[in-house]
Every structure is written in C-alpha cells, then in structure tokens.
Amino acid sequence: MAPGQRVTSFSARRVRADVPQLTRMVNGHTITYLDTASSSLQPRPVIEAMSRYYELRHANVHRGVYQTANEATEAYEGARARVAGFIRAPGGASEVVFTKNTTESFNLIAKSWGAANLGPGDVVLLSEMEHHANIVPWFQLRETTGIEVRFIPVTDGFRLDLDNLDELLQGVRLLSITGMSNVLGTKNPLKELASAAHSVNALIAVDGAQSVAHGATDVADLELDFLTFSGHKMLGPTGIGVLWTREEILDSMPPFLGGGGMIADVRTDGYTPARGVTRFEAGTPPIAEAVGLNAAVRYLEALGMAAVVAHESELTADALTRLELTFDGRVRVIGPLDTIERGGVISLDVEGVHAHDVAQVLDQFGVCVRPGHHCAKPLMRRFGLTATARASFGPYSLTKDTDVLLEAIEHTLKMFG
Amino acid sequence: MSNLEDLYREIILDHYRSPRNRGELPTPPAHRVEGFNPLCGDDVVIYLNVRDEVLEDIKLTGHGCSISQASSSLMSAAVKGRSLAQVQSTIDTFKELMTGHDASLSKDEEIDEELDLRTLGELAALQGVVKFPVRIKCAMLAWNALRQGLEEFAQSPGH
C-alpha cells in the first residue's frame, strides 16, 4: 500500500502482505509472529517513510534555516500533529510530548508532575495488573517524597476488583492505570475510572502501551489527564514514545531532562526553560522515528481502529475456543475467557511445562511467543505464577497463526508428557 | 528438531519430572542460599550441610524451566557426598562446559586439554544447552547459587 492510499475495507491478508518480516523463514518454517504485545512488526509504508527521510530529508530539527532543516522540522512537527489527532487531543499538537517509550513517559510524569505536586501522605493508586513501567517510577518517587503507593486488586476472573474503589480512592491524588493488561488482555473501564478519580479531585494517567494500538482512544471523551504509549507497539519504530497531557497540566510541570532544545535562555547564572512541549524534549529528538510513527498512525487510521479491534477480537475468540477444545484443561488461559472488553493477548499456563520450555519448543516451529513474567511481577505473584507463555495478535495475524500455535503446543505436551 | 532433541535429552526430562534431592534441611546446621534469574523469574534455594570439608548433604527447592530444574537436580547428584575440593572442580568443569570456547579465549594461558566430558558423567547431557545461548543462564542458576553458598559458608564465623 502506498502511503496516503486508503484501504476501503479491512483485509488482514493485505496487511500481512505489507509486512516484509512475515515472509521470513525461521528454523525451516515461515515465521508465525505472535509477540505483537512485546513489539509489533512494521508494515512497508513505515519502513519506507523512514528510509526516504534518511535518504533525502535528514537534518536536525528546530535549528537550521536551510531547506532540508525546515523539511525535517515540518516532518517532526507533522508527526506530533498526527498523533494528537489520533488520540483526539483537545489542545492538539501542543499537548503531545515525544519521549523514548512508555517507560520514559511514566518517568516523566513521576519525576516532573509527581515530584512537584505530591508529598508525604499523598496516594498514587495503581492496580495489580500494571506493567513495571507504571510501578517502579512511583516506588522511586515514594523514596524521595514519602507518597503512598496503593493497588487496586484483580479478581479471580482477571478483572479489576472495583468493589472497594471508594475506600481505595481516599487520599488519592493520581490514579495511574493500564488501558489494557499486557498479560491478561483485560481492557479496563477507563471512562468510569476517570470519573471516579475526578470525584475525589485526583487525576488519571493511563498506560496506553497496549490499548492505543488495539482500540480507538479519545482522551477528551474518556476525560483522561495523562496518556502514555510507545511507537513500536503500534506498527511504528522503536525509540519513540508519547506522553499526552492537557495543556494546563503541561504548562504547570517543571522540566524533566535538561540540555539543548528545552531552554528559552541560558546564562552563566542559570537558565529559563522553554514553554510548551519542547521543554520536555532535551537534545536532538528521534526525528526519523517520529516520521515512522506518523506513517504508522496513518496506516492504522487507514485500516480503521474499529476494524482492527473487530479482527483481533475474532481471532481471540477463535483461539480461546480452540485452546479449550483441543487441550481439555491441560492449557490454562491466564485471562478472561470471553472477548468482552478484552484484547488479543493470550497468556498460557501449560500443564507440567515451564513457559520457557514451551517457547523453546514453539521456536522450532517458527512460532514467536513470549515466555516470562512480562514485566508484571505483582500480577504473576497474585496468581501464584512465575511465568506464562504469551501469544498476542496484531492486525496482520490470521487464524493460520493459531493453527501453528496449537500444533506446536500439542507437540510440546507430547514431549514433556 | 535435532537441536531440540539435543537440548531436551531424556536424562534432562527425567530429572525435570523426578528431581533428585528435592527438599529442605534444618538451618542451622545447614547453610541456606538463594539464586534468582531476574529475566525469567526462576528461583532456586539450596541447603548445604558441610562437615570436615565434605558436602555431606544437599537439598534444593525452587521453580523454573526444565533446564534450570534438571541442571539443579543433576548438580545435586553430582556433588553430594564429595569433598569441597571435588565440588569446586565440578563447578569449574561445568562452567567451562557452558561457556565453552569463549572462556578459553578469555584466559591468558591456553588450555591444552580438551574438556573431558567423561568426568562430568550425567552432567554432560546438558551440553546441548550451549547451542541455545539464552538458556545457559537457566542451566547456570543453581551452580552459581552453589558457588555463592560455599563461599558464604567458608567465610561464616565458626568455620
């Protein structure tokens, strides 16, 4: 698909044909890529946009007066505007900060907004299903400010336990929570959570690393205050992430990293930070990555997020049913068994076989799944697990990927049986 | 599948399904040491009873993949009842098996002798792991903990 060309109806086969890596052979098999929750594969328009940028338009941004420098700046700022539109940022591009990834975005919130606004006794409320990126920065902030970090429990049905939410919200200044669990696939009720947070005058930050790539996100409609996500989980490149926050919050936040690009003035007696988003973008930013992210967002918009969700939901329902029918309880799904408010992330606990061994055997079939704790150790502890083998879908996934997965799991069970 | 069969030899699967020397020993007199693999969350706890420079008893608990669990089971069988000098030598030999060529290159003097797999007995079954670099950490987990445990024991007061 050429950039700018519209896909009128979603076709996973067409998406698949756009992703060069999906034609690769691994261990004598065509690759079966089921690790999109870790990192998605890039379609050709994204790769080509970045190549073209490096071939013809590269220069540093925000500095030069020559033509290619202007083009690079336009490309970089154009990406910011595209991302703002994608998440329906009410204030537009001036609310979108480019970071390195979701993790850096959370560190920025904690170390800038958190350190400036939170003190002893203030509570940051998380959930047991958070990624370490939305846990560790808050523990680090606790060391320096004496805040309390609290967790919303997860039910045996792999959903947030909101029965005691009113109690949990006492003293809370920030509710920081994932839009979609990278282990369970559970999608959380963000609008309800935002309204609950606002009812106690707390803000809400959402980890969109998974949810932004697998569903439409409208920050204004959801009434969010912060949103974080990564380029490489939404068909874009590594090395670029996003922090969105409302303009009035952004304007009140002190700078994060110091250096070039983030200043209005530097003297021998001090400095004055720049205003707006550039205050948080010290040093040469990820320009080619922004170009790639722009192309990825265009690509997703052309597919239509509703179509992406419908496709992935169909794949997930099919996989959940067949896992149950084929293995009769020997392969347990760690996550909801229905597809209501659930994304295409399927964590598996295979009877008698450690996740690493599952992933190792699957690799021999060319199947890429992720074994381990998925940077969510509190959640693994909650369910008494050390590791799961996680399969996850993207817009390019097909039921034939599930066919190979099931065949390889069957082989694993025989081998270790 | 040949690589996979090299990795998952029958001896390894046997030790994974029926691990030897599984359990705990009362501390004291036993020395307790833990090992973690932060990448995958695997853990091992080893209990060591040392008397008169002999590792009289060893027990292990923990969670992990077949490679880490089989390696700890095989290790316990290989070192139990041996003198501390023999245990140390087995640790060194096993580590050499796992690090292979790289280790010999990094040393100043050349190693003349090929690693004698016969001295390793059943442990040699783990040599297929070397072809899977990310799994070497799994195989080394218990061995690193054992070495740490013996060092701690040697430095403990009253020893």
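The values are calculated or read from the model by the stated rules, or taken from the named source; none is laboratory data. Values in this document were obtained by computation on a predicted structure and should not be read as measured data. Every residue, glycine among them, receives a Cβ derived from its backbone with ideal geometry; neighbour counts consider all protein chains shown. In case anyone asks, the SASA skips ligands and DNA or RNA and just uses the protein heavy atoms, side chains included. Shrake-Rupley method; radii C 1.70, N 1.55, O 1.52, S 1.80 Å.
In region A:353-393, whose amide N lies under 15 Å from the spot 7 Å out along Cα-to-Cβ of residue B:6? List them in ranges. Hits in region A:353-393 for residue B:6 at 15 Å: A:364.
Heavy-atom surface analysis with a 1.4 Å probe gives region A:49-302 a carbon and sulfur content of 50 percent of its accessible area.
For region B:40-64, a drop of 50 Å² or more in accessible area on going from the chain alone to the assembled protein chains (1.4 Å probe) is found at B:40. Annotation: amide H of residue A:154 within the under-5 Å range of A:128, A:161, sequence separation 5 or more or interchain, hydrogens built in the peptide plane. Take every Cα pair under 8 Å whose residues are at least 6 apart in sequence, average their separation, divide by the length of region B:2-155, and the relative contact order is 29 percent. Its Cα centre serving as origin, region A:49-302 has a Cβ charge dipole (Lys and Arg +1, Asp and Glu -1) of approximately 760 debye. Label the protein assembly as shown by shape, choosing from rounded, prolate and oblate, from the square roots a ≥ b ≥ c of the eigenvalues of the Cα gyration tensor; if a/c is under 1.5 it is rounded, and otherwise prolate applies when a/b is larger than b/c, oblate when it is not. Prolate, since a/c reaches 1.5 and a/b exceeds b/c. Exposed loop sites here mean GluC sites (Glu not before Pro) with a DSSP loop assignment and at most 10 other beta-carbon atoms within 10 Å; chain B contains its longest site-free run at B:54-108. Here's how it looks for residue A:271: its modeled amide H is under 5 Å from none belonging to a residue 5 or more places away or on a different chain.
Database remark: amide H of residue B:50 closer than 5 angstrom to the amide H of B:31, B:56 (H placed geometrically; neighbours at sequence offset of 5 or more, or on other chains; Pro and chain starts carry no H). Heavy-atom accessible area buried between chains B and A is around 1500 Å² (1.4 Å probe, both sides summed). Each label was represented as a point 7 Å from its Cα along the Cα-to-Cβ direction; for residue A:351 and residue B:24 these points are 2.9 nm apart. Over region A:197-276, Cα pairs under 8 Å with separation of 6+ residues give a relative contact order of 19 percent.
Picking from A:245, A:103, A:68, which is most flexible by a Gaussian network model of chain A using Cα springs under 10 Å? The residue with the greatest mean-square fluctuation here is A:68.
Residues of region B:2-16 buried by at least 50 Å² of accessible area upon assembly of all protein chains, compared with the chain on its own (1.4 Å probe): B:4, B:8, B:16.
Assuming charge only on the beta carbon of Lys and Arg (+1) and of Asp and Glu (-1), the dipole of the protein assembly as shown about its Cα centre is about 940 debye to the nearest 20.
Extents of region A:122-161, taken as max minus min of Cα coordinates on every principal axis and listed largest first, are 36, 19, 8 Å. Using only Cα atoms and rounding to the nearest 10 degrees, what angle (0 to 90) does helix B:133-155 make with the longest principal axis of chain B? The angle comes out near 20 degrees. What does the helix-only formula give at 222 nm for chain A: each DSSP H stretch with n ≥ 4 adding -39500 (n - 2.57), the total divided by the residues, and the result rounded to the nearest 500 deg cm²/dmol? The helix-only estimate for chain A comes to -11000 deg cm²/dmol at 222 nm.
Shown for region B:2-155: the carbon plus sulfur share of the solvent-accessible area, taken with all protein chains present and a 1.4 angstrom probe, equals 48%. What the Cβ-Cβ distance of residue A:55 and residue A:264 gives, at R0 = 60 Å and to the nearest 0.05, is a FRET efficiency of 0.95. Here's the list of lysines a cross-link from residue A:100 could span, going by alpha-carbon distance under 24 Å and ignoring same-chain residues fewer than 8 apart: A:111, A:233, A:377. For the protein assembly as shown, the solvent-accessible area works out to 43 Å² per residue, with a probe of 1.4 Å and every protein chain left in place.
Applying the criteria of a DSSP loop state and at most 10 other Cβ atoms within 10 Å to the trypsin sites (Lys or Arg not before Pro) of region A:258-299 yields A:267. Taking a ≥ b ≥ c as the square roots of the eigenvalues of the Cα gyration tensor of region A:49-302, is the shape rounded (a/c under 1.5), prolate (a/b larger than b/c) or oblate? Note, shape of region A:49-302 comes out oblate. Taking the DSSP beta bridges with both ends in chain A, the antiparallel portion is around 60 percent. Relative contact order of chain A: 23 percent, from C-alpha pairs under 8 Å at least 6 residues apart in sequence.
For region B:2-155, compute the number of Lys pairs whose alpha carbons are separated by less than 16 Å, excluding pairs fewer than 8 positions apart on the same chain. Going through region B:2-155 pair by pair, I get 4.
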